[in-house]
C-alpha cells in the first residue's frame, strides 16, 4: 500500500518540477502518512539558510490538493448507475428540475465530474497500451496485445460523446439556467478535445509500431475520429481548433481554461495557518519573565545591602537592566529554536468546498540540515559517489528537508462523497520552482578545442549540475514501514534538462 504514495515526478516546464503524491485511505478511521523530501544541493550554487530563507522557499512551492479522481472504465461511464452521466440523465427526467437550485448545482457538479473522470479513464487506457507496447518483444505482432484496447477506446469514447451530445436539446431551452447550459457546453468541448488527443496518441503508437493491414485500418479509423471531433467543435463555434501556420494562442488559452474549470470540481478548500502561535507567545512571555526576575532580584539585593538611594544601588540597577535585556533575547532565541525543532511551520486544514467536512489535516516544515544529522537510511539512499565530495571541496552538500505529515479521516470522506463513485483518497500536487538554483550557474555551453587527425575542431560541451532528491515515505497506518525513492534533477543555466529516476 505504501508503494502507491508517489505516483509521478515530472518536469512541468523548464523551471518547475511537479511531484504528485497519492494519499490512499486505509480501512481504519484515520490514515497517517509522513513524507520527508531531502534535497541535496551542490555548495557552488550558493544555497544556504541565509540566502534562501524559509519564507522564499514556501513562496516557490505551489500546492494543489484535491480528491483522487474516482475510477471508472470507459464502458462503466455509460452503463454504471453511479456514473455522472447517469446521474444527469436521472435528474433531468424529474419534473421541474430546472426550478430547484439543488438540482441545478447537482447537474453542474456531475457534468464537470464526468469530464474529469473521462480524462482519467482515457489516461489509464493509454497508459496500459503504452505498457503493453513497451514490454513487447522486438518485431512482435502488436495486434493481439493492444488491438482490443484500441477498439474499446474507439467504440466507447464514440458512445460517450454521442450520449453526452444528446443532452444539448435538454439544456438548450429558455427555462434552463445559463450556468447549467454553459457547463454543458464547456464539458462538451472538453470531451471533444480529450477524444481527439487520445486518438492522436493512439495514431502515433500505431504509425510507429504497427505494420501491414492493421496499420492502415487503425490509422484510417483514428484519423476519422480526429476529423469528426474537429468538425464538431467548429460546428458548435468552439475556438479550440489547432491550425497549421497559426500561433494557436486562442487554442492554448481556451483549452487551458476549460481544463481548469473541469478539474476544479475535484479541488478542496485549504486553510493554512502558522503552527504553535499560542505556544510561541507563552514561551516568549516566559523568557521575559525570567529576565525580569533576574533584574528585580539584583535590584532588591543591592538596595537591601546599600540602601535605596546610593551609588552602588544605582549601578546595580543599570547592570541588572543590561543583563535583563540579554537574558530576554537569549531566552527567546533558545525557546524559538526548541519550537522550530519540535513543531511544524504551518498547519493546513483540508475541507470540502462548502466547508462542511474537514477531510484531513496536513502539517509541514522546511529545515536546513547537516549531512551528519541525516539518518543512515537516507544517506544510503543518496548513494553519494566520490565525485560529489570533490565537487563540494569535501565539505558536503547543502541539504534542505521538506517534511509533510498528513492525517486523513475516512469516515468524513464517506459522508462528504456519499452517492458518488468511490473516492479513495487525496492527490497532493506540488510544483517547485527551481529558478533560485540557477543564479550562480555557469554558462550552459562551453566551447572546447579538439585535435583530431592533425586538425583542430571546436566542439561544444554542456555544463550541467546535479541536484539529488531522496524521498522517505512512512506510515504508522501500514505498520510503520518506510520506503525510499530517489531522483536526480539535471539542471543547466537554462533550467531543467531532464529528471532521472534512480532505482534503489
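The values are calculated or read from the model by the stated rules, or taken from the named source; none is laboratory data. Quick caveat, the model's predicted, so the values are computed rather than measured. Please note: Cβ atoms are built from the backbone with ideal geometry, for glycine as well, and neighbour counts cover all protein chains shown.
What to note about this one:
- Options 4, 69: the member that is within 26 Å of residue 418 (Cα to Cα), touching a helix residue (DSSP H, G or I) at 6+ places or on another chain (Cβ under 9 Å) and modelled with pLDDT under 90: 69
The rows are residues; the columns are (1) assigned by TED's automatic domain parsing to the domain that holds residue 183; (2) over 22 Å from residue 222 (Cβ atoms); (3) under 22 Å from the mean Cα position of the chain (by Cα).
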position	(1), (2), (3)
85	yes, yes, no
93	yes, yes, no
120	yes, no, yes
124	yes, no, yes
136	yes, no, no
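- Note on the stretch 258-269: residues that are farther than 16 Å from residue 237 by Cβ and part of a helix (DSSP H, G or I) amount to 8.
- On the stretch given as the stretch 257-273, residues that are buried (at least 17 other Cβ atoms within 10 Å of the Cβ) and in contact with a strand residue (DSSP E or B) (Cβ under 7 Å, 6 or more places away or on another chain) total 2.
- Restricted to strands (runs of 3 or more DSSP E) entirely inside the stretch 441-490, those with at least 1 residues that are exposed (fewer than 15 other Cβ atoms within 10 Å of the Cβ) are 445-452, 455-462.
Residue by residue, here is whether (1) over 30 Å from the mean Cα position of the chain (by Cα); (2) in a loop (DSSP other than H, G, I, E, B) holds:
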{"position": "49", "(1), (2)": "no, yes"}
{"position": "57", "(1), (2)": "no, no"}
{"position": "90", "(1), (2)": "yes, no"}
{"position": "109", "(1), (2)": "no, no"}
{"position": "113", "(1), (2)": "no, no"}
{"position": "129", "(1), (2)": "no, no"}
{"position": "147", "(1), (2)": "yes, no"}
{"position": "155", "(1), (2)": "yes, no"}
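- Residue check, residue 385 assigned by TED's automatic domain parsing to the domain that holds residue 11, more than 20 Å from the chain's Cα centre (by Cα) and modelled with pLDDT under 90: yes
- Filter pass, residue 122 being surrounded by 16 or more Cβ atoms within 10 Å (Cβ to Cβ), in contact with a helix residue (DSSP H, G or I) (Cβ under 6 Å, 6 or more places away or on another chain) and farther than 21 Å from residue 226 by Cα: no
- Within the stretch 131-145, considering residues that are assigned to a helix (DSSP H, G or I) and touching a residue at least 40 places away in the same chain (Cβ under 8 Å), the one farthest from residue 201 (Cα to Cα): 143
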